[in-house]
Amino acid sequence: ASGFEVPSKCVGVGILGSFEAFVGVLYAGTCGAILFGKVLRSQNNAQVYFSDPIVVRFGREELADRGTADRVVMGSLQSMREEQEKEEGEANDDKESDLEAREEGDIPCPSLEFRLVNRLHGVPSGEIVEAKLECVAILDPKIAQLSSQGSSNERGETDSVINADSTVAELITALREQDRPTTSLAFHSADSKEPRVFTRLTLDADEHPYFRRVWFGRHRLDEHSPLLTRAARQRVKANGGSWPADMNDYHSIKSSLHFHHILVCISGTSNANAADVFAQKVYDLVDVNFGYRFVPMNYHGRDGGLRTDPYLLNAVYQQRGGGGEPFM
């Protein structure tokens, strides 16, 4: 009655138009998903910078105070060096009388350290809440196998083995579930006949409730450290938990270490957008500086407020007492 007629000869054109509309909607949805994933991934990146070098501090003079904090410097680096030279000059005056007392004391075990800085340290609400550091080392398979055999014979235990389908999260979870922090896992890769041995490293402070400025990750190279060879751990254990005097130099400490890589991962909640954030860093053995310490990054400004200089993140200077490995 209305005179409207449905065309019967344009069915193919209608199907083609419907298909084009479907492809357009699918393309728009795919682009939106990719954009959403990119934005979400950028929000999940933790706003931190890791130091490029790792330092190993050793010796009585350096570790006598067991320094575990990044000191706030009141003056410049030059004044700090002058004060250090003054202390060394005063120590040299009574060196003969103090030498015997020092020789009778125990040598603390070396400390392997890295640090990270929050790049939003000067921005309000730029903190990372409930931050946590996870540290995993990839050991030399041959040396780790000898060490694990010796440890298994002493304790009557064997190390766990995971396959190539296991993810990094499963690896960290498996290491965390172990009762002993030095337990290692053998990761069998499909393209290699030798397994990669992973072990968790214990840090002095692996949690930070309110990470705002600078954070140090410190691992003690003692008789329980998986980074040391079995012979070095036995020497430390036989010495009552103290570092042997004949190994108190950078060459002996360097030869006592065995690892390929150290993987560091930080996780927490960003105070800016309440998103879960993550970041990671991989260190090699060539990144280790023996006999050096980090330059303090925190200082007081002219107004008396606390400031952080991120450009000093990778700056190091020789430890107290000297003995550092010369730079090539």
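Bear in mind these aren't lab numbers, they're just calculated from the coordinates by the rules spelled out. For clarity, every value in this text was computed on a predicted model and none was experimentally measured. Here the Cβ is made from the backbone with ideal geometry for all residues, glycine too, and neighbour counts use every protein chain on show.
Observations, loosely collected:
- Flagged links, alpha-carbon separation over 26 Å, of Lys132/Lys254; Lys38/Lys132; Lys237/Lys281: Lys132/Lys254; Lys237/Lys281
- Over region 227-302, relative contact order from alpha-carbon pairs under 8 Å, at least 6 apart, %: 24
- Pair-distance distribution P(r) for region 207-328, from all Cα-Cα distances in 5 Å bins starting at 0: 2, 8, 13, 16, 18, 15, 12, 8, 5, 2, 0 percent.
- Put a dot 7 Å past the Cα of His261, heading toward its Cβ, do the same for Ala33, and the two dots end up 3.0 nm apart.
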